[in-house]
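**Student:** Sharing a structure, written as structure tokens. Questions coming.
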Amino acid sequence: MKSSNRRIFMFQVVASGATLACGSAHAGPKKIEESEPKAASLGYKHDSAQVDAKRFPKHTASEKCNNCMAWLGKAADPWSECDLTPDRLVSNGGWCSSYVKAG
Ligand code: SF4
């Protein structure tokens, strides 16, 4: 292999590795949609204040995903996975009917 061909080959290897690294950095769970069957069945809302009070009369406004036992992020994270939605992100201020107060 000529020197210039080797340089081109090495550049292509590095460039394709960088592309893979960038692609994996952006991969991950998507934000959940309230309309998804799982979210809808749990009465999930991105905003706890929007929870259907008739359907969930025991819900209180202070109950939010970021103070739920299932929340897997830090309290200040805007979105996070939770134990119930390992393949989706739920909102910091969201709520669903599986809410259990943390700690
Ligand atoms: S289980 Fe908890 S953290 Fe997960 S969506 Fe329901 S209220 Fe939010």
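Coordinate-derived values only; no laboratory data. It should be emphasised that the depicted structure is a prediction, and the values quoted were computed from it without experimental measurement. Because the Cβ atoms are built from the backbone with ideal geometry, glycine has one as well, and the counts that use them run over all protein chains shown.
**Student:** Obtain the nm distance between the two label points defined at residue 83 and residue 55 by a simple spin-label model: each point lies 7 Å from its Cα along the Cα-to-C-beta direction.
**Tutor:** 2.3
**Student:** Can you list the residues, at least 5 places off or on another chain, whose amide H is less than 5 Å from the amide H of residue 79, using H built in the peptide plane?
**Tutor:** 92
**Student:** Using θ = phi - 60° and the Karplus form 6.51 cos²θ - 1.76 cosθ + 1.60, what ³J(HN,Hα) does each residue of the stretch 70-77 get, whole Hz, x for Gly and Pro?
**Tutor:** 7, 5, 9, x, 7, 4, 8, 4
**Student:** Treat each spin label as a single point 7 Å out from the Cα along the C-beta direction, and report the residue 34 to residue 75 distance in nm.
**Tutor:** 2.6
**Student:** ³J(HN,Hα) across the stretch 48-60 via Karplus (A = 6.51, B = -1.76, C = 1.60, θ = phi - 60°), whole Hz, x for Gly/Pro?
**Tutor:** For the stretch 48-60, the Karplus-derived couplings read 4, 5, 9, 5, 5, 5, 6, 6, 10, x, 8, 5, 10 Hz, x marking Gly and Pro.
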